[in-house]
Amino acid sequence: MIYINGRFLSQRSTGVQRFSLQLLMALDLLLTRKNISEKFILLCPLGVSPPLLLNITIRFVGFGIKGHLWEQLVLPFASRFSYLLNFSGGAPLLKVKQFVTIHDTVLYDYPSAYTFVFRNWYKFLFGVLSKTSRKIFTVSQFSKERLLRIFNICKERVGVLYNACGHMDSLIADNSILSELNIEKNTFVLAVGSLNPTKNISRLLNAIEKIEVDLVIVGGSNAGVFSIDNEERCKTNVKYAGYITDEKLKSLYENAIIFIFPSIYEGFGIPPLEAMTCGCPVVASNAASIPEVCGDAAYYFNPLDVGDMEAAIHKVMKNAELRDRLVANGSARINMFQWENTAISLFSQLRQCDLFKESIR
C-alpha cells in the first residue's frame, strides 16, 4: 500500500499542480491497463474535488484543516502505515518513509524572485527533505544536476520524471477568447507565464514594442509568492488575458502566429510542448532546461538580450518556411513526452526501491 499526497487538488493550477494531476491520472490508467494489483490511496483534504479514478482509492482526512497545517500535521499521521508519494513540491517534515518531488532549484538560483517568507520556508523544507526522504524526483536532467550540486547527494537518490503534454489532446478549443481579446488568427504572438521575474516578461515587453504585432500574455501573479517586477506593464499592443480555461488557452495556441517562451529559468517548462501539440511554432529562450525539452523544435534566442529576442520573433514571424519546419519538428518532439511514459518511469523507480516486487506486465 502506498499513499499519495493530494494537497495539490486544493491549490490553484500552475505547472506544478498540472504535473501532479496528470501523473496521478496516468498512474491510475497504468494500474488498469497493466493489471497491477499494488494498492495506492490518494489522501485529500476535505472540500477538494478529485478526478475520477478507477484503481486509486480516494480518502478524505483532516476534519477541515487545510493548507500547510494539513500537509504537516494531518498527512504524516494519515500515512503512518506506509510510504507517501509527494508530487507537487511540498511534503511533511515529520514523515521519513516518503518520496518527494522538487521541480527545480529556482529558490537557490534566483532567490530574489520570491518573497522572504516563501523562499526561506521552502529552503528549510527542501533542506530537511533532501536528507530524510527515500528518494527525490525532479522533472529534467538539468534540475537533477542542480539538485545534486546544491544538496551534495549521490545521483542514485534523484530520479527524473518528465512532464508531458497529452492533456491538451482531449480539450475542445474555445474560440470565444478571440472575440473577448479582439484578436484574429495569425495576428498575435502568445506568451504564457506569471509575473515572476524569472519568466522575463519585462524584457519581452521591450522586445515586442518595436514589432507591429499584438502580444497576448496568459497567466497571473501571486504577491504572496513572487517578488513582482514593477516595470511598466501597459503597452498599447499588449493584451493581458490573466487566468483562463484550458479550452481558451488551446484556442490561443492554435491561432497565434508564434508562441514565445522568454524565461531565464525553468525546471522543465510545459507551455512550449503545449504549443507544439496545438501546431504553434515555438520561439524560446536558450536557458536552463528549455533546450533539453524543446530540442530542434524551437528557434532559440538569448533571454538576457532584448535585441536578440526581438530579432528571433521577427525572423520566425516573417518566415513561413521556418514556421512550418518548427511545427513539423514539434509534432515529432511531443512523442517523447507522454504522461503514460512518466507513470511507467515512476512505477519502475518505486520498484527499484523495493517498495513492491510486482513488475509492469
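The numbers here are math on the coordinates, done by the rules we state, and not lab data. Only a predicted model underlies this, so the values are computations on that prediction, with no experimental measurement involved. For neighbour counting, all protein chains shown are included, and Cβ atoms are generated from backbone atoms with ideal geometry for every residue, glycine included.
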Study note, to complete from the structure: Rounded to the nearest 0.05, FRET efficiency between LYS34 and ILE153 (Cβ-Cβ, R0 22 Å) equals 0.10
Check your understanding: For the residue pair GLU321 and GLN352, what label-to-label distance in nm results when each label sits 7 Å from Cα along the Cα-to-beta-carbon direction?
Key -> 4.4 nm
Review point. Can you list the lysines whose alpha carbon is less than 26 Å from that of LYS250, not counting same-chain residues fewer than 8 positions off?
Key: LYS185, LYS199, LYS235, LYS239, LYS315, LYS318
Study note, to complete from the structure: Long-range amide H partners of PHE60, meaning residues 5 or more apart or on another chain whose placed amide H is closer than 5 Å, are CYS44
Exercise for review: Starting from the Cα of LYS135, draw a straight line to each of the lysines and keep only those under 17 Å, dropping any in the same chain fewer than 8 residues away.
Suggested key: LYS95, LYS97, LYS144, LYS155
Exercise for review: Quick one: check the C-alpha center-to-center distance for the range 9-68 versus the range 158-186, whole angstrom.
Suggested key: 23 Å
Practice item. Calculate the spin-label point distance for ASN182 paired with GLU292, positioning each point 7 Å from the Cα along the beta-carbon direction, and give it in nanometres. Key: 4.3 nm
Check your understanding: So who's got an amide H within less than 5 Å of the one on TYR300, skipping anything under 5 residues away but keeping other chains? H placed 1.01 Å off N, in plane.
Key -> ALA284
Exercise for review: Would you mind telling me the antiparallel percentage of the DSSP bridges in the chain, rounded to 5?
Suggested key: 5 percent
Check your understanding: To the nearest 0.05, what FRET efficiency results for THR132 and THR245 with a Förster distance of 22 Å applied to their C-beta separation?
Key -> 0.05
Practice item. Two decimals is fine: what is log10 I(q)/I(0) at q = 0.10, 0.12 Å⁻¹ for the range 53-179, from a Debye sum with one equal scatterer on every Cα and no solvent? Key: -0.42, -0.59
Check your understanding: Mind listing the phi-derived Karplus ³J(HN,Hα) values for the range 321-333, rounded to whole Hz, using 6.51, -1.76 and 1.60 with θ = phi - 60°, and x for any glycine or proline?
Key -> 5, 5, 4, 4, 5, 5, 5, 5, 5, x, 4, 7, 5
Review point. How many times 2.2 N^0.38 Å is the alpha carbon radius of gyration of the chain?
Key: 1.00
Practice item. Work out from phi, with θ = phi - 60° and the Karplus expression 6.51 cos²θ - 1.76 cosθ + 1.60, the ³J(HN,Hα) of each residue of the range 77-89, listed in order in whole Hz, and give x for Gly and Pro. Key: 6, 5, 9, 5, 8, 7, 6, 10, 9, 10, 9, 10, x
Point to revise | Fewest-first ranking of LEU29, LEU190, LEU94, using other Cβ atoms within 10 Å as the exposure measure | key: LEU94, LEU29, LEU190
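Over the range 167-336, what is the mean sequence separation of C-alpha contacts under 8 Å (at least six apart), divided by residue count, expressed as relative contact order in percent?
23 percent
Quick one: net charge around GLY267, please, counting Lys, Arg +1 and Asp, Glu -1 for every other residue with C-beta under 12 Å from its C-beta. Spell out each step's value before the answer.
Numbers: positive: LYS144, ARG146; negative: ASP104, ASP109, GLU145, GLU266, GLU292.
Surrounding charge for GLY267 is -3.
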Exercise for review: Compute the acute angle (0 to 90°) between the alpha-carbon long axis of helix 306-318 and the principal axis of greatest extent of the alpha-carbon atoms of the chain; round to the nearest 10°.
Suggested key: 80 degrees
Check your understanding: In terms of Cα to Cα distance under 16 Å, which aspartates and glutamates are near enough to LYS123, apart from those fewer than 8 places away along the same chain?
Key -> ASP104, ASP109
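When the helix-only estimate is applied to the chain (DSSP H runs of n ≥ 4, each -39,500 (n - 2.57), divided by the residue count), what is the mean residue ellipticity at 222 nm, nearest 500 deg cm²/dmol?
Computed mean residue ellipticity for the chain: -11000 deg cm²/dmol.
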Review point. Given the convex hull of the Cα atoms of the range 233-361, what is a quarter of its surface area in nm²?
Key: 10.4 nm²
Check your understanding: If you place +1 on the Cβ of every Lys and Arg, -1 on the Cβ of every Asp and Glu, and leave all else neutral, what size is the dipole of the chain about its Cα centre, to the nearest 20 Debye?
Key -> 1600 debye
Practice item. Along Cα→Cβ, 7 Å out, is where each label goes; now give me the distance between the ones at ILE58 and LYS210 in nm to one decimal. Key: 5.3 nm
